[in-house]
Amino acid sequence: MLRRSLCVFSLAAVFCANLCVAASEFKHAEYFQATTNGQKKAGAPVKGALSFNAEKKSIDFLDEKGFSSFTIGFDAVKTMLYEQAAKPRYAEAVLISPLFLLSHSKKHYLTIQYTGPDGAGQYVIVHLDKKNAQDAVAAAEAATGKKVERVEEK
């Protein structure tokens, strides 16, 4: 009986550990790279996954090939801002039906302002997937210990 309980407990612990690791990585995100001085338009966004690594105490963005686009230490984070923006669906209304003007598409953005290695203030903007945006914001608050300011358009 004791062996059976120990086995069940071990399996439950492994399962919970896998859930905790999976919850700190948020796929289907896009990182908007900063522009250099003089450019008006940013390049194409980098698709990948936003992760909060508790072991390294850092926020990482890994592109689809697994390469790191940026790494920010939790202690370097100054502020975080979550924005939910809505806009009318004009293209769908023209191509499919005018009823699409009654609905809006919503975009979810997480802006992280941090201190760079040179001491200068920097920021990154990450477009989050609608399915895991709220979970990513909660993970950002839990991992860094800083409150995420929320701005939501209606």
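Would you calculate the separation in nanometres between label points at Q134 and Q122, each defined as 7 Å from the Cα along the Cα-to-beta-carbon direction?
3.3
Among K27/K106; K65/K147; K65/K106; K56/K130, which pairs are too far apart, with a Cα-Cα distance over 25 Å?
K65/K147; K65/K106; K56/K130
Taken together, the values in this text are just the output of simple stated rules run on the coordinates, not laboratory data. None of these values were measured; they are calculated from a predicted model. All Cβ positions, even for glycine, are placed from backbone atoms using ideal geometry, and neighbour counts span all protein chains on display.
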